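Following: one structure in structure tokens, then a few remarks.
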Amino acid sequence: MSSVLVVGQIARDLVLEVDSNPSPGGSARVRARVEVLGGKGANQAVGLRQLAGPEGPRVSLLGVAGTDATGDAVLRQARADGVHVDDVVRRGTTALLVDVVEPGGSRRLIEHVPAEAELTPQDVHRADRAGLLRADWVCVQLQQPDPAVLEAVRAARRAGARVLVDGAATSATRDELLREVDVLRADADEAQSWVDGDAMSPSATLDCAHQLVESGPEVVALAVRDRGDAVAWRGGERYLPHRDDAVVDPTGAGDAFVAGLLTGLIRGGPRDAAALAGACAAATVKHAGGRPRLRARRPAQ
């Protein structure tokens, strides 16, 4: 059985559906409320498990949960989802992400992510000594601090893992990540940190993705704002336009895309992986909140 380690954020998601957001000094009635395990790292790990099935890869999560009751609750849910969390770091207060969703897909995100809720290089060192990074794939969320990101990628490489990164580059990480990672994914805002100039059209974004492939990664997936996703690899490409279905909440679409892309790459080639990624993202925007619901997208064994 293959194995995947997801390195990224763990949080409590509070999803509030309202008819409209209040004006300053006003109030709004909440139509529906959900509190669940969330955070980009946890969402990607849960999505991978939902797509995996009983014969799929073992999925582990490396992130930080608080020592509070909320931390206990989100880790219980992760275990119930089939995600291995024995090496999750426990300290401080669990991160809180509030997603306020209006009809028509408009949303506002309010985040409380204390510095103590982010990974450090020392956290990655401990996980490495415990053998956690000796996975077939390591999926690194780049919203974590640069030193922890670089340590995770380096440790994964030393262990012989293949590496997927998701997010924006910084001046401290860009060149090394392009040399070291196998798969790169970025949303429309994050893509600007990887490319020179504005990649606004599908064709321009595909060109940028191919240029990044020439720099090192085998597969590059870049979002085109409000239009779709461009995926390029050595010898091929695929553009995935957004579907015309009504969007309830765009939160979590990128995490579902990553889960689908990695699942597809574990099972086969990049063309089918891109199609699965697009289908997973499209399924996730149909409900409020970023928690994935991908079992129906599970590929045939």
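The values are calculated or read from the model by the stated rules, or taken from the named source; none is laboratory data. On a predicted model such as this, the values are computed, not experimentally measured, just so you know. No Cβ is skipped: glycine too gets one built from the backbone with ideal geometry, and neighbour counts run over all protein chains shown.
Data overview
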quantity	calculated
Strands (runs of 3 or more DSSP E) within the stretch 51-115 that include 3 or more residues under 27 Å from Ala135 (Cα atoms)	58-62
Hey, Ala188 among the small types (Gly, Ala, Ser), under 18 Å from the mean Cα position of the chain (by Cα) and crowded, with 16+ Cβ neighbours inside 10 Å or not	yes
Residue, nearest to Gly278 (Cα to Cα), within the stretch 172-196, restricted to residues that are of a type in the set (A, V, I, L, M) and part of a strand (DSSP E or B)	Ala186
In the stretch 22-41, residue nearest to the chain's Cα centre (by Cα) [restricted to those that are of a type outside the set (Lys, Arg) and surrounded by 14 or more Cβ atoms within 10 Å (Cβ to Cβ)]	Gly41
Counted residues, the stretch 92-145 - those being free of Cβ contacts under 8 Å to residues at least 60 places away in the same chain and hydrophobic (A, V, I, L, M, F, W, C)	4
Which numbered condition Thr263 fails, given (1) at pLDDT below 95; (2) of a type in the set (S, T, N, Q); (3) crowded, with 19+ Cβ neighbours inside 10 Å	(1)
